[in-house]
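All remarks here apply to the structure that follows.
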Amino acid sequence: MGRKGAVAGAAVFAALAVLAGQGCASGHACPAVAWADTLTVEADGDTDRVDLLELCFAGHCMFDEDLPSDSPLSHLPYERVDENTWQFDFFADPPDEIEVRVLDADDHLLAESNQPLEWVVSNYPHGEECGGPGTAEVRIAVE
């Protein structure tokens, strides 16, 4: 192996060593795992008219026609759990604040609220130093 090969090999080894140590202060490597941070939105009040609940942040809403394809909202998985509950899964960089919008079948705005998010991690599958999935909950009143 020539000098270029040795330098390249050393660079690859150094990069792997740095990556293996990231995320853990205790000195052991965290496994390369991913998780979703789950936001639960509870709607209170007259939810019979609710057709759509959407989230907005960073200048866009989930169903904007001009939503950039690289926006975290462009492929945000969500489900309506029951009449009053929706869950949204963030796989990267969950926001610290969100706007919640509630619309009826004719796209009339029924409720709108800016909500700070407090992400709580209660499950550390590989130790606290490696992180884990977070959860946050917000409520919105529908009149």
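Coupling constants for the stretch 39-51 follow from the phi torsions by the Karplus curve (6.51 cos²θ - 1.76 cosθ + 1.60, θ = phi - 60°), and in residue order they are 9, 10, 10, 10, 9, 10, x, 7, 8, 4, 8, 6, 10 Hz; glycine and proline get x. Note on surface exposure: 37, 106 rank 106, 37 by accessible area, highest first, 1.4 Å probe. Remark: the stretch 23-143 carries 59 Å² of accessible area per residue (probe radius 1.4 Å; ligands, DNA and RNA excluded). Taking 7 Å steps out from each Cα toward its Cβ at residue 82 and residue 119 produces label points 2.8 nm apart. Computed from phi, the 3J(HN,Hα) profile of the stretch 90-104 under the Karplus parametrisation 6.51, -1.76, 1.60 (θ = phi - 60°) reads 9, 9, 7, 6, x, x, 8, 8, 9, 9, 9, 10, 10, 10, 8 Hz, with x in place of Gly and Pro.
Check which residues have an amide H placed less than 5 Å from residue 142's amide H, if you skip close sequence neighbours. Result for residue 142 returns 44, 45, 46. Highest mean packing first, where packing is the average number of other Cβ atoms within 10 Å per residue, the peptides 87-97, 69-79, 53-63 line up as 53-63, 87-97, 69-79. Around residue 62, with a cut-off of 10 angstrom between Cβ atoms, what is the net charge of the other residues, counting Lys and Arg +1 and Asp and Glu -1? Once positives and negatives cancel, what remains is -1. Charge tally around residue 36: other residues with Cβ under 14 Å, Lys/Arg +1 each, Asp/Glu -1 each, net -4.
The values are calculated or read from the model by the stated rules, or taken from the named source; none is laboratory data. Owing to the predicted nature of the structure, the values given are computational and were not obtained by experimental measurement. Reconstructed Cβ throughout: ideal geometry from the backbone, glycine too, with neighbour counts over all protein chains shown. All accessible areas refer to the heavy atoms of the entire protein, side chains included, with ligands and DNA or RNA removed. Shrake-Rupley method; radii C 1.70, N 1.55, O 1.52, S 1.80 Å.
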